[in-house]
Every structure is written in structure tokens, then in C-alpha cells.
1. Which value in nm describes the separation of the simple spin-label points at LEU106 and GLU61, placed 7 Å from the Cα toward the beta carbon?
2. GluC sites (Glu not before Pro), restricted to the range 15-87: which are DSSP loop and have at most 15 other Cβ atoms within 10 Å?
3. Output needed: percent of Cα pairs per 10 Å distance bin for the range 36-105, bins running from 0 to the one holding the longest distance.
4. Just to check I understand the Karplus step: with θ = phi - 60° and J = 6.51 cos²θ - 1.76 cosθ + 1.60, what whole-Hz values come out for the range 74-88, glycine and proline as x?
5. If you filter the range 40-115 for trypsin sites (Lys or Arg not before Pro), then keep DSSP loop positions with at most 12 other Cβ within 10 Å, what is left?
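Every read-out reported here was derived from the displayed coordinates using simple, explicitly stated rules and does not represent laboratory data. Predicted, not measured: the structure shown is a model, and the values here were computed from it. Note that we place each Cβ from the backbone using ideal geometry, even for glycine, and neighbour counts take in every protein chain shown.
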Amino acid sequence: MPPRARVVDHPCAACRTLRRRCGLDCILAPYFPLEDLESFMVVHRIFGASNVIKMLQEVEESKREDAVKSMVYEARARLQDPIYGSAGAIFHLQRHVQDLLLQLQLTRATIMDFQDQRDQLLSTLMGPQHLDQPSSMTNNDGVLGHGSDDILLDDSTLGYNLIEFPVDCELWQL
């Protein structure tokens, strides 16, 4: 993106702040228009106008706008965190990413545990030995238990039809 068009009638934010005449050759004018006075004030406060001019002179013209954006970002970060500046924000975000990755890993492990539990339940409910033969927990009538509080195992007790129960659901897998 090329620098903004220059209006000769009005000084740029830098020249106005520094109270100097803004000429056509002002290196700061394309990057600090009068409407963006606050950005120059922040950069000037942190780096100083002469250092900003020196930095811009060392950068090739096609990359100056990016350099100015970088200086404005770093200056604002330095005002919020005078010791670390933008590096503090980067460290904070990296720590947050590490925390989220750990949380994701724990969530995946939990999901795997749930899938294992589901698979065990389905193998118990749908296994051929269970459907063909009564298990040791059921008596020969298909009743679970051994006492007076026996539970009858049929489709109405389970709440769903074993044949139609979705064994491989895409939503259950990562």
C-alpha cells in the first residue's frame, strides 16, 4: 500500500507536534498525517523524532509504512509494559497457547476414555456371548440379579433398540 497522499496546506502530525515547517520533502508526512496525531505522539514519546527519522531513512521506501506500523505498535506496547513492550505480549500469548494445548490434550484424553467406556458398554450389550447366552449376572430368565429386586433386561428397560443403536457415530470420534 503506497503512502497516503500529501496535502501541502496542512502540516503533518510530526511537524505540528515539533512545531516546525512541514516541507514537501518531509519524510514523516506520508506516514503521520494530521488526523493521526496520537500515533506520532506515542512514537515520539518512546523513540524520539530524530530516531524515527533515522530509522525511516535506513529502511527502503517500499517498506517504510510497515516500519512505521511496527514502531507505533511497539511504542503503544512500551507504554503499557515499559519493561518488556511487545515481547511481553508475545510471551503472554505463548503461555496462553501452551495452556490451551495442555487443555486440548487433557480433553482428548477424556474423550478417549469416554470412547473406551462406550466401546466396553457396547461390547457388553451387543456381544454375541451376551445375546446368545445368559451371563453370570443374569439368571436363565434374562433377569439381572439374584434376589427379590431382580431387573428384567429387555429393549424397554434399556430405553433404545440395540439393533438401531449407532455404534460408529462420527461425532464421537476426533
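1. 5.6 nm
2. Passing both the DSSP loop test and the Cβ count: GLU60.
3. Here the calculated profile for the range 36-105 is 20, 38, 25, 13, 5, 0.
4. Those phi angles translate into 5, 5, 5, 5, 5, 5, 6, 9, x, 7, 9, x, 6, 4, x Hz.
5. Here no trypsin sites (Lys or Arg not before Pro) fit, given the DSSP loop and packing criteria.
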